[in-house]
Amino acid sequence: MMRAWILPLLLVLCGSVVATGLVSKGSPGTASALLSAFVVLAGVNSPLIFPRSIGAQEAQRRSAADGRPVVFWRPGCTFCIRLRIRLGRDARRLHWVDIWRDPAGAAAVRAANDGNETVPTLVIAGRPHTNPDPEWVRAQLTASA
C-alpha cells in the first residue's frame, strides 16, 4: 500500500522544498503557484483518482456476472492515468485492479503480456488487451451495455 504513495509524497516534498526556497528569496506568489502545481501532479499520480481497487479474483468473478471489463493498473502509470481521465465517468463501469496491491493481479498481467507487468491491461470476455485506446474502451462499454 505504501508503495503507491511514494511518488505523490516525493512530489509534495519536493514542491515544499522549492516553495520554501522561493519564499525565503521573496517570491511568495511564485512559491504558492509552484507548490499548487506539485500538489496537483501528486494528486494525479496518487491512487485517489482511480475507482476503488478490488482483488483480481473478485474482479474476474464480478466481470463474469455482469460482463463489465477488468482493468489492471498501477499508480504512477501515465498510460493508466490517461485511460482513467479520458474515460471520465465511464471509468466507474470498469472493475479496477491495482497490481501493486494484488499479487494475483500482477500474475494475471504477466501471463497476458509475456512476463511483463505492462499496464493498463484490459480484460474483456476473457481476452486481454494491453494499453488500449480509451475511445475503443468506451465503444466496448457502449456495446456491452
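Observations on the structure shown:
- Residues in segment 1-54 that are of a type in the set (Gly, Ala, Ser), out of contact with any strand residue (DSSP E or B) (no Cβ under 9 Å at 6 or more places or on another chain) and at pLDDT below 85: Gly43, Ser46.
- Residue within segment 42-63 that is within 30 Å of Trp136 (Cα to Cα), of a type in the set (Lys, Arg) and in contact (Cβ under 8 Å) with a residue 24 or more places away in the chain present: yes
- Asp133 fulfils the conditions (1) more than 30 Å from Thr20 (Cβ to Cβ); (2) surrounded by 16 or more Cβ atoms within 10 Å (Cβ to Cβ) except for a single criterion, (2).
Residues checked against (1) in a helix (DSSP H, G or I); (2) farther than 20 Å from Arg74 by Cα:
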| position | (1), (2) |
| --- | --- |
| Leu9 | yes, no |
| Leu13 | yes, yes |
| Val18 | yes, yes |
| Gly21 | yes, yes |
| Ala33 | yes, yes |
| Leu41 | yes, no |
| Leu48 | yes, no |
| Ser53 | no, no |
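- Residues (at pLDDT below 90 and either part of a loop (DSSP other than H, G, I, E, B) or surrounded by 19 or more Cβ atoms within 10 Å (Cβ to Cβ) (or both)) located in segment 55-67: Gly67
The values are calculated or read from the model by the stated rules, or taken from the named source; none is laboratory data. On a predicted model such as this, the values are computed, not experimentally measured, just so you know. Glycine gets a Cβ as well: all are built from the backbone with ideal geometry, and neighbour counts include every protein chain shown.
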